[in-house]
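Peer 1: The structure follows.
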Amino acid sequence: MLPSLSDVPVVPPGREAPDAYAISAEFYDILQADLDRARVRRFYGRAVRGARRGVLDVGAGTGRVTFMCLARSRAPVFAVEPTRCMRSLLMTRLAALPVDVRTRVTVYPYRLDEAALREVADVGICHNTVACLRPTARRALWPAVADALVPGGVFLVQLPPERLPDGEATHVLPAQTMGRHEYGGRMVMSADADRIRTRFDYWVRGESGVLRAYTETFWMWPASRAEVLGELAQCGFVPLPERADPAVLAVRLGRR
Ligand SMILES: C[S@@+](CC[C@H](N)C(=O)[O-])C[C@H]1O[C@@H](n2cnc3c(N)ncnc32)[C@H](O)[C@@H]1O
């Protein structure tokens, strides 16, 4: 039976914040998926295989980690993604899965600290997300991660850059062909006071030259491993042995 509309909290569209990824969403998978898919398997694959209670994906985006979790574990997956355009891509990809796989994944359209998840997972992952949070938002995330994990649960987080860049650093996103078009992009990082300005330039080329070009700027906040570890320790997390890849911090939630 359909719920009556008076039972459903309805968010008027005007109240939603503008999508931070409005431009990048179109280019995210075509330009970054291949490299990142391998990285996600390397960073988190082993932990995910050991999950029994559930896997929490904080900042699921278009589903890079979510899909790896569904493939590598039989446990339920909790994908938390507040931004509508990224979540739309995630939903479309999930909708194409066989029903028996789809029943294992739940999508939460909120920030983790708004999602009220309690002890749903024994493995939590936060990939390529924390760097984009202001320090206050980052610190608000950790108690919500602790709430969402069972005692003893493992949390793996990709660390922000340790420090501000010197000068300007450009990272080219390898061009990809789709039909008659070539998609390309680059990320340009530079320091701005205590933040990192991260500008993404995208373009689409056809036979006649550039057909479309866009720019979208994000901000990142650097934080050291020790700083993040200290924040997590205040929420009951203890460090696990350092991993082969220093980009990822692994902690375990102590008994509460
Ligand atoms: C750069 S994207 C990375 C997405 C995905 N993890 C990946 O690596 O492909 C960061 C995502 O985190 C989401 N996000 C930002 N703040 C969040 C929060 N407090 N809780 C959960 N997700 C958040 C954003 O909406 C965005 O989709």
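Peer 1: Pull out the extension gain between Leu164 and Asp245, defined as 0.36 nm times the separation in residues minus the alpha carbon to alpha carbon distance; nm, one decimal. The partial results should precede the final answer.
Peer 2: Working: separation 81, 0.36 × 81 = 29.16 nm, distance 2.04 nm.
Result: 27.1 nm gained on full extension.
Peer 1: Treating the beta-carbon of each Lys and Arg as +1 and of each Asp and Glu as -1, no other charges, what is the dipole magnitude of the chain about its Cα centre, to the nearest 20 debye? Let's see the in-between values first.
Peer 2: Working: 35 positive and 28 negative charges, 174 e Å.
My answer is approximately 840 debye.
Peer 1: Note down the magnitude of the dipole of the stretch 168-220 about its Cα centre, charges +1 on Lys and Arg C-beta and -1 on Asp and Glu C-beta and zero elsewhere, to the nearest 20 debye. Intermediate values should be presented prior to the final figure.
Peer 2: Working: 7 positive and 7 negative charges, 27 e Å.
For the stretch 168-220, the charge dipole is close to 120 debye.
Peer 1: I've got another one for you. Where the only charges are on Cβ atoms (+1 Lys, Arg; -1 Asp, Glu), what is the dipole of the stretch 105-256 about its Cα centre, to the nearest 20 debye? Let's see the in-between values first.
Peer 2: Values: 18 positive and 18 negative charges, 34 e Å.
Dipole magnitude for the stretch 105-256 comes out near 160 debye.
Peer 1: Answer with one residue from Leu211, His171, Val188: the one whose Cα lies farthest towards the positive end of the charge dipole of the stretch 168-220, charges on Cβ with Lys, Arg +1 and Asp, Glu -1.
Peer 2: Farthest towards the positive end: Leu211.
Peer 1: Follow-up. Highest first, please rank the peptides 80-89, 137-146, 222-231, 96-105 by the mean number of other Cβ atoms sitting within 10 Å of their residues. List each step's numbers first, then the result.
Peer 2: Values: 80-89: 20.6, 137-146: 19.1, 222-231: 15.7, 96-105: 11.4.
Put in order of decreasing packing, that is 80-89, 137-146, 222-231, 96-105.
Peer 1: Could you sort Phe200, Phe27 by accessible area so the largest value comes first, with the probe set to 1.4 Å?
Peer 2: Details: Phe200 25, Phe27 0 Å².
The ranking, largest first, comes out as Phe200, Phe27.
Peer 1: Which peptide among 29-41, 169-181 comes first, and what is the full order, when sorted by highest mean count of other Cβ atoms within 10 Å?
Peer 2: Working: 29-41: 16.8, 169-181: 11.7.
Per-residue mean Cβ counts within 10 Å order the peptides as 29-41, 169-181.
Peer 1: Another question, if that's okay. Treating the Cα atoms of the chain as identical point scatterers in vacuum, please give the log10 of the normalised Debye intensity I(q)/I(0) at q = 0.14, 0.15, 0.16 Å⁻¹, two decimals.
Peer 2: -1.04, -1.18, -1.32
Peer 1: While we're looking at this one, here's another question. For the chain, build the charge dipole from Cβ charges (+1 Lys, Arg; -1 Asp, Glu) around the Cα centre, then report which of Ala140, Val105, Phe27 sits farthest towards its positive end.
Peer 2: Towards the positive end, the residue furthest out is Val105.
Peer 1: Grab every C-alpha pair in the stretch 168-220, bin the distances at 5 angstrom width from 0 up to the longest one, and report whole percents.
Peer 2: Reading upward from the zero bin: 5, 20, 24, 19, 13, 10, 6, 3, 1.
Peer 1: Heavy-atom accessible area per residue, the chain, 1.4 Å probe: how many Å²?
Peer 2: Values: 13760 Å² over 256 residues.
Here the residues of the chain average 54 Å² of exposed surface.
Peer 1: Computed FRET efficiency, Cβ-Cβ of Glu207 and Arg102, R0 51 Å: what is it to the nearest 0.05? Write out the running numbers ahead of the final one.
Peer 2: Values: r = 40 Å, r/R0 = 0.78.
The value I calculate is 0.80.
Peer 1: Pull up all non-local amide H partners of Val123: gap of 5 or more, or a different chain, and H-to-H distance under 5 Å with H placed in the peptide plane.
Peer 2: When sequence neighbours closer than 5 places are left aside, the close amide H contacts are Gly54, Leu56, Val154.
Peer 1: When the helix-only estimate is applied to the chain (DSSP H runs of n ≥ 4, each -39,500 (n - 2.57), divided by the residue count), what is the mean residue ellipticity at 222 nm, nearest 500 deg cm²/dmol? Write out the running numbers ahead of the final one.
Peer 2: Values: 7 runs with 78 residues, N = 256.
Calculated at 222 nm, the ellipticity per residue is -9500 deg cm²/dmol.
Peer 1: Given a 1.4 angstrom probe, I'd like the percentage of the accessible area of the chain that is carbon and sulfur, rounded to a whole number.
Peer 2: On the way: 7430 of 13760 Å².
Reported share for carbon and sulfur atoms: 54 percent.
Peer 1: Per-residue HN-Hα couplings for the stretch 90-107, Karplus 6.51 cos²θ - 1.76 cosθ + 1.60 at θ = phi - 60°, whole Hz, x for Gly and Pro?
Peer 2: 4, 4, 5, 5, 5, 5, 7, 7, x, 4, 5, 7, 4, 5, 8, 10, 10, 9
The values are calculated or read from the model by the stated rules, or taken from the named source; none is laboratory data. All figures in this text were calculated on a predicted structure; none of them were measured in a lab. Positions of Cβ are generated from backbone atoms using ideal geometry, with glycine treated the same way; all protein chains shown enter the neighbour counts. The area values use the complete protein model at the heavy-atom level, side chains included, leaving out ligands, DNA and RNA. Shrake-Rupley method; radii C 1.70, N 1.55, O 1.52, S 1.80 Å.
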